[in-house]
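A short write-up of the structure that comes next.
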Amino acid sequence: MTTPAPMPAFPPAFTWGVATASYQIEGATSAGGRGPSIWDTFAAQPGRIADGSSGEVACDHYHRYAEDVALMAGLGVSAYRFSVAWPRIQPAGAGPANPDGLGFYDRLVDTLLAHGIDPVATLYHWDLPQALEDRGGWLDRDTAERFAEYADLVAARLGDRMKLWITLNEPFVQMTFGYGLGVHAPGRAELFGAFPAAHHLLLGHGLAVAALRAHGRTPVAITNNYSPVRVLGEGDADRAAGAAYDALQNRLFTDPLFGRGYPDAPGVDPAVVRDGDLAAIAAPLDALGVNYYNPTGIRAPEAGAPLPFELVPLAGYPTTSFDWPVVPDGLYDLLTLLQDRYGADLPPMLITENGCAYDDEVSPDGRCDDPDRIAYLDGHLRAVARAIADGVDVRGYFVWSLLDNFEWAEGYTKRFGLVHVDYDSQVRTPKSSYAWYRDLIARP
Ligand code: GBH
């Protein structure tokens, strides 16, 4: 066996973090005046969630946040990326702020700061107030305006202490899974008729950037998920399918941020776009959040198929318990692709999510060993270091996730945490990857 080369050094100011999202960890879905979200509604429908569960209790983080911040402090992270639950702030999706909702995030932020951890808030990680979905949700233009009002309320209370605002998490997944395929809340299956959701998410982002800027100097970003395309097959039709998927996954939510308008992606309908919208969406950003899990294999579809591409599992790689292939080089390819594509228009990047699910168990002696997660994180961080060495401006890295949590349509069957959660007792057990990440962060 050869000894692996040591992990390259990262820039001195590099941000080391962990990430979570409100509906996946908080539980307490009716505490403090929180209103219903589309995920409460969706999870209550039979057959939607693999194990029939919901986020009603999750990790009970709403009540245990102090213990969870102590776990972060033990890791030595410099930043924590969490999301604010819109239905806690505006239970009916509009109107004045609910003081109890703001109060929870106020306490969380102060606890983080007391431990020397920078708060990084995502304003929307998919838990739309149900009242807004009842009026059309993201298919309705009005939701974009409501989102900017909500951003204003949160910034008025927390803007003095926030290190970074992230407007949206993965609008691509919200559009495709939520409104295109219907496998996430709100469960609408409009296929390419979901494009208005894409445009209104981006418009909401642009209007929220303006609202956030009015509250001082906090930097502002958006988080997109990207997946470099591996074209399988040699034909022109395969290459065209790869380009169509790339436009949808990697360009639809990014070209407009940098003043390039919409790409020629399947479903794009210019009739939805009003005068001034593209300028609002192109509001300058301080950073781009990048979520990366794996590349996507694409080939030409069968004749008559509903989509202009076919997703094909990538063979020859180890896989996680989600069956996602482990391809660290894909993260290097992605970072250099974004650099090549957007050049001087590209702001500094942060890896706002990267991580993996394995079937982690706590042994009778209280240990939770997850060597596959350590290998995953090690490989991906080396890919980040290689991109930085090649001149790509990456300023930080957030592991998804601090805790095992509610994995959307998969319920509690997929564990992404550095910390194991027993959902009966709520006992947290740091995994061996927790100690590995702590030691990496602590390197001189
Ligand atoms: C993120 O989404 C979310 O932001 C987060 O809430 C979630 O818990 C986390 O990731 C883990 O899922 O089957 O090979 O085609 C990730 C978006 C979209 C990434 C689907 C992987 C499927 C890969 N994901 N994609 S494949």
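Values quoted throughout were computed directly from the atomic coordinates according to the rules given, and no laboratory measurement underlies them. Predicted model, so just to flag it, every value in this text is computed and none were measured. FYI the Cβ positions are ideal-geometry reconstructions off the backbone, even for glycines, and counts take in every protein chain you see.
Toward the positive end of the charge dipole of region 15-441, with +1 on the Cβ of Lys and Arg and -1 on the Cβ of Asp and Glu, the farthest Cα among 257, 350, 279 is that of 279. A full extension of the chain between residue 441 and residue 426 corresponds to an added length of 2.7 nm, given 0.36 nm per residue minus the alpha carbon distance. Across region 201-218, the residues whose backbone nitrogen lies under 17 Å from the label position 7 Å along the beta-carbon direction of residue 145 are 201-211.
A straight line joining the Cα centroids of region 1-38 and region 91-112 runs 20 Å. Note on the chain: antiparallel DSSP beta bridges, both residues inside, total approximately 20 percent of the bridges counted. Charged neighbours of residue 347, selected by a Cβ distance under 11 Å, balance to -2 (K, R count +1; D, E count -1). So for region 98-163, considering every pair of alpha-carbon atoms, how many percent are separated by more than 20 Å? Here the long-distance tail beyond 20 Å is 37 percent of all Cα pairs in region 98-163.
When you count the other C-beta atoms within 10 angstrom of each residue and take the mean per peptide, 324-335, 89-100, 162-173, 4-15 line up highest first as 162-173, 324-335, 89-100, 4-15. With the cut-off at under 19 Å, measuring from each backbone N in region 21-65 to a point 7 Å along the Cα-to-Cβ line of residue 94 picks out 35-38. Between residue 56 and residue 115, residue separation times 0.36 nm minus the direct Cα-Cα distance comes to 18.4 nm. An ellipsoid equivalent to region 243-289, defined through the eigenvalues of its Cα gyration tensor, has semi-axes of 18, 16, 6 Å when rounded to whole angstrom and sorted largest first. Here the extension length gained between residue 363 and residue 156 equals 69.9 nm, from 0.36 nm per residue of separation less the Cα-Cα distance. Between the alpha-carbon centres of region 389-444 and region 194-245 there is a gap of 25 Å. Neighbour counts of other Cβ atoms within 10 Å put 368, 356 in the fewest-to-most order 368, 356.
Relative to one another, the C-alpha centroids of region 114-140 and region 263-296 are positioned 18 Å apart. Report P(r) for the chain: all Cα-Cα distances, bin width 10 Å, range 0 to the bin holding the largest distance, values in whole percent. Reading upward from the zero bin: 4, 22, 34, 28, 11, 1, 0.
Summing Lys and Arg as +1 and Asp and Glu as -1 over all other residues whose Cβ lies under 12 Å from the Cβ of residue 301 gives a net charge of -2.
As a rough footprinting exposure proxy, the listed residues 341, 443 were ranked by other beta carbons within 10 Å of their own, and the order from fewest upward is 443, 341.
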